[in-house]
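Q: Let me begin by handing over the structure; questions about it come next.
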């Protein structure tokens with residue numbers, strides 16, 4: 001047990017809890033596949049992207065790799081741009 | 001498992017519960033607006049707590065091992081939190097606006113204030 005030792009119980013519990021986020025992604029994908037309107041599909045895509053960035057953040061804590069946080073940040077910003085673009089497209093039927 | 005680790009796991013559990021509630025809301029609610037309401041609020045709140053988890057963890061590791069890497073991690077998590085807080089509600093607002101403009105009605109709604117305001121504006125222009 002050195003300085004800053006994390007412990008087996010902690011690591012397994014964090015890994016197990018972050019696996020549940022994958023289950024949430026699967027449940028949210030239902031809305032992408034069977035959403036009645038395009039807006040439901042867009043919302044499902046938004047939620048799935050946020051959950052993927054959450055998994056990135058959790059994984060950076062598990063493995064102590066800091067660059068995964070940068071990937072999560074870029075994922076969040078790209079998700080924002082994609083959502084705004086699709087919303088504008090669905091609002092008018094064409095890009096303006 | 002020591003006490004700070006237990007605290008971190010509890011923060012992670014809170015985040016998990018709220019993300020799960022958002023996902024269930026996305027699955028079960030009847031129309032776009034209620035789904036937006038459930039999914040966006042709950043995922044934003046859950047993600048705030050997961051960033052708190054990582055900040056608590058890296059602060060603890062920084063105090064114990066005194067490596068600069070963990071301080072770096074905490075600051076990057078804060079930046080990611082700020083980006084998420086700015087972008088997620090804005091995207092949800094854009095989706096709701098697009099849905100309302102293309103004429104999707106809220107289910108079981110008695111009155112629609114935004115539609116009445118639009119009609120009023122149109123009358124004033126005419």
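Every number in this text was worked out from the coordinates using simple rules, so none of it is lab data. Computed from a predicted structure; not experimentally measured. FYI the Cβ positions are ideal-geometry reconstructions off the backbone, even for glycines, and counts take in every protein chain you see.
Q: Under the definition of Cα pairs under 8 Å and six or more residues apart, what whole-number percent is the relative contact order of segment B:3-125?
A: Computed over segment B:3-125, the figure is 25 percent.
Q: OK, next. Can you classify segment A:3-92 as rounded, prolate or oblate using the Cα gyration tensor, where a ≥ b ≥ c are the square roots of its eigenvalues, rounded means a/c under 1.5, and otherwise it's prolate if a/b beats b/c and oblate if not?
A: oblate
Q: Now for a different question. Give the Rg (one decimal place) followed by the Dmax (whole number) of the protein assembly as shown, computed from C-alpha coordinates and expressed in Å.
A: 20.1, 78
Q: Also: Can you work out the base-10 log of I(q)/I(0) for segment B:46-123 at q = 0.12, 0.13, 0.19 1/Å, using the Debye formula on its C-alpha atoms alone?
A: Relative scattering, expressed as log10 I(q)/I(0), comes to -0.57, -0.60, -0.84.
Q: Could you state the number of Å between the C-alpha centres of segment A:66-87 and segment A:12-57?
A: Between the Cα centre of segment A:12-57 and that of segment A:66-87, the gap is 15 Å.
Q: Once the piece of chain linking residue B:48 and residue B:28 is laid out straight, how much longer is it, given 0.36 nm per residue of separation minus the C-alpha distance between them?
A: Result for the pair: 4.8 nm of gain on full extension.
Q: I need the calculated FRET efficiency for the pair residue B:113 and residue B:9, taking r as the beta carbon distance and R₀ as 41 Å, to the nearest 0.05.
A: E between residue B:113 and residue B:9, to the nearest 0.05, is 0.40.
Q: Could you give the nm distance between label points at residue B:72 and residue B:121, where each point is 7 Å from its Cα heading toward the beta carbon?
A: 4.9
Q: Can you sort A:25, B:75 by how many other beta carbons sit within 10 Å, fewest first?
A: Ordered from fewest to most neighbouring Cβ atoms within 10 Å, A:25, B:75 come out as B:75, A:25.
Q: Can you put B:24, B:63, A:55 in order, fewest other beta carbons within 10 Å first? Each step should come with its number before you reach the end.
A: Details: B:24 15, B:63 11, A:55 19.
Sorted ascending by nearby Cβ count, the order is B:63, B:24, A:55.
Q: Which FRET efficiency, nearest 0.05, do residue B:97 and residue A:20 yield, Cβ-Cβ r, R0 35 Å?
A: 0.60
Q: Sticking with this one: Where does the protein assembly as shown land at 222 nm, in deg cm²/dmol rounded to the nearest 500, when only DSSP H runs of n ≥ 4 count, each adding -39500 (n - 2.57), divided by all residues?
A: -30000 deg cm²/dmol
Q: How do B:5, B:73, A:65 rank when sorted from fewest to most other Cβ atoms within 10 Å of their own Cβ?
A: A:65, B:5, B:73
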